[in-house]
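Some notes on the structure that comes next.
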Amino acid sequence: MKYILMDIEGTTTSISFVHDILFPYSKERIITYIEKHAHEEIIQNILTETKKTVLAELNKEINDQQAVLQLKEWIHLDRKHPALKKLQGLIWSEGYQSGELKGHVYQDVPHSFSLWKNANITLGIYSSGSIEAQKDLMGYSIYGDLSLFISNNFDTSIGHKREESSYHNIANVLKIAALDILFLSDISEELDAAKKAGFQTIQLVRLEDIPYSGHDQVKDFQDIRF
């Protein structure tokens, strides 16, 4: 085993932290954040991408104000849109830096990170959240700066997490044979795609038992044995 690639939500971090803390935090601040940073190119790009998607999907032209409302609706729907994920990451970053937010990780995560790194295993993250959001969550975690353990971050710009091609892309970027990479996730469809690409897979079942999905299952990282 040379490399461990990890999901975040439901794997390193509780689903409730993302849905009950992070999502409401960004939804409550989205309007004021965009007003404050409206002159910045990154915000203009986010609004432009939102308008393009609405035009393509609904054949409807919208203005900036309507684009903001669409972004709020996408938060409610948990849509994995790149523009939304970028905006959420920016809003959360302010929250982490101010101390309002602390990234949740399960208790077994820091020890396992240390153990794996000491065994010369390289660690990476692959999440639907933006790379910036991933780094902030780990960098401002409740256990301190865990980003120091992470060598690579991937988001859906590399490909969607339920598509086999995404995992081929990641292996190509890492220049590591797929068989030498272990992917950890709670979502069976993501694990299926990784397995088809030749990755080793383990499914995290942290909160409740789920039917066997063709992947080895563990309750937490400490149950993983090499």
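Of note:
- In the range 1-29, the residue that is surrounded by the fewest Cβ atoms within 10 Å (Cβ to Cβ) out of those that are modelled with pLDDT of 95 or more, outside any loop (DSSP other than H, G, I, E, B) and among the hydrophobic types (A, V, I, L, M, F, W, C) is Ile21.
- Restricting the range 187-226 to residues that are in contact (Cβ under 8 Å) with a residue 60 or more places away in the chain and assigned to a strand (DSSP E or B), the residue that is nearest to the chain's Cα centre (by Cα) is Leu204.
- Candidates Ser128, Ser141 - the one that is surrounded by 12 or more Cβ atoms within 10 Å (Cβ to Cβ) and closer than 21 Å to Phe183 by Cα: Ser128
- Across the range 70-89, the qualifying residues are those that are more than 16 Å from the chain's Cα centre (by Cα) and touching a residue at least 40 places away in the same chain (Cβ under 8 Å), and the one among them that is nearest to Ile46 (Cα to Cα) is Leu71.
- Residues (buried (at least 21 other Cβ atoms within 10 Å of the Cβ) and either more than 18 Å from the chain's Cα centre (by Cα) or closer than 29 Å to Asp220 by Cα (or both)) located in the range 90-111: Trp92, Gly103, Val105, Val109
- Qualifying residue in the range 119-130 (condition: modelled with pLDDT under 95 and among the hydroxyl-bearing types (Ser, Thr, Tyr)): yes
- Tally of residues being crowded, with 18+ Cβ neighbours inside 10 Å and under 27 Å from Ile170 (Cβ atoms) across the range 30-48: 1
The values are calculated or read from the model by the stated rules, or taken from the named source; none is laboratory data. Computed from a prediction, not measured in an experiment: that's the story for all the values here. Every residue, glycine among them, receives a Cβ derived from its backbone with ideal geometry; neighbour counts consider all protein chains shown.
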